[in-house]
Amino acid sequence: MEALLSAETIAARVRELGAQIARDYAGKDLVLVTVLKGAFVFGADLSRAIDLPLTVEFFSASSYGDGVASTGDVRVTLEPEGTLAGRDVLLVEDIVDTGRTAARLLELLRGHEPASLKLCALLDKPSRREVEVTLDYKGFEIADEFVVGYGLDLAGVWRNLPYVGVINTD
């Protein structure tokens, strides 16, 4: 496996994103809604990098199953439990590639009538975009390669890597 983003590179960018988000949300009622399972590592690190009081909620959604390509069908198995109405919501994703999952979750979150709604993703793969979504905060833009580590997986494996690596799926 080839390392694409080292643990140190990711940590530095997460600190930068946390500082930017803290500036943008100063004095606001921020709720981070992290998408499980892929964004759990990023969401935890990002929440600690935001020097503001905030709350955390979760979505569980998948469009990959055990494969390396999106099925196109977004399955949501867990939705946020707390009140989001009138609050500033930041959806935290591991990767946005086709855009289908992010678009579906943003649509569901809009139904909660938040004061504001933005999207933060560790990785952006715009070459695979099928549904247009706006990334308000982005860690890294990457090429069309299958990546694992730092929460991202292949059939449930490799989430525990401290870096993001490219895996050959041929």
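The values are calculated or read from the model by the stated rules, or taken from the named source; none is laboratory data. Note that the structure is a prediction, hence the values are computed from the model and not measured. For neighbour counting, all protein chains shown are included, and Cβ atoms are generated from backbone atoms with ideal geometry for every residue, glycine included. With ligands, DNA and RNA removed, areas are computed over all heavy atoms of the protein, side chains included. Shrake-Rupley method; radii C 1.70, N 1.55, O 1.52, S 1.80 Å.
Matching the structure-derived percent of Cα pairs over 30 Å apart against the labelled list (i) 11; (ii) 15; (iii) 44 gives the label (i). Derived scalar couplings between HN and Hα for the range 151-165 equal x, 7, 9, 10, 6, x, 9, 5, 4, 7, 5, x, 10, 9, x Hz in order, rounded to whole Hz, by the Karplus curve 6.51 cos²θ - 1.76 cosθ + 1.60 (θ = phi - 60°), x for Gly and Pro.
If both residues of a DSSP beta bridge must be in the range 1-150, then about 10% of such bridges are antiparallel. Per residue, the range 14-56 exposes 48 Å² of accessible surface when a 1.4 Å probe is rolled over the protein heavy atoms with every protein chain present.
Report the calculated FRET efficiency for residue 26 and residue 132 (r = Cβ-Cβ distance, R0 = 45 Å), to the nearest 0.05. Mind dumping the intermediate values first?
Values: r = 29 Å, r/R0 = 0.65.
The value I calculate is 0.95.
How much of the accessible area of the chain, in percent, comes from carbon and sulfur atoms when a 1.4 Å probe is used? That fraction is 47 percent.
A crude spin-label estimate for the pair residue 141 and residue 13, with each label 7 Å from Cα along the Cβ direction, gives 1.2 nm. Close amide H pairs (under 5 Å, H built 1.01 Å from N) link residue 96 with 123, 124, 125, residues at least 5 positions away or on another chain. Between 58, 42, 146, the residue with the greatest mean-square fluctuation in the GNM of the chain (Cα pairs under 10 Å linked by springs) is 146. The range 139-157 and the range 22-41 have Cα centres lying 20 Å from one another. Rounded to the nearest 0.05, the FRET efficiency derived from the C-beta distance between residue 76 and residue 52 at R0 = 35 Å is 0.80. For the range 77-118, the set of GluC sites (Glu not before Pro) satisfying both a DSSP loop assignment and a count of at most 13 other C-beta atoms within 10 Å is given as 81.
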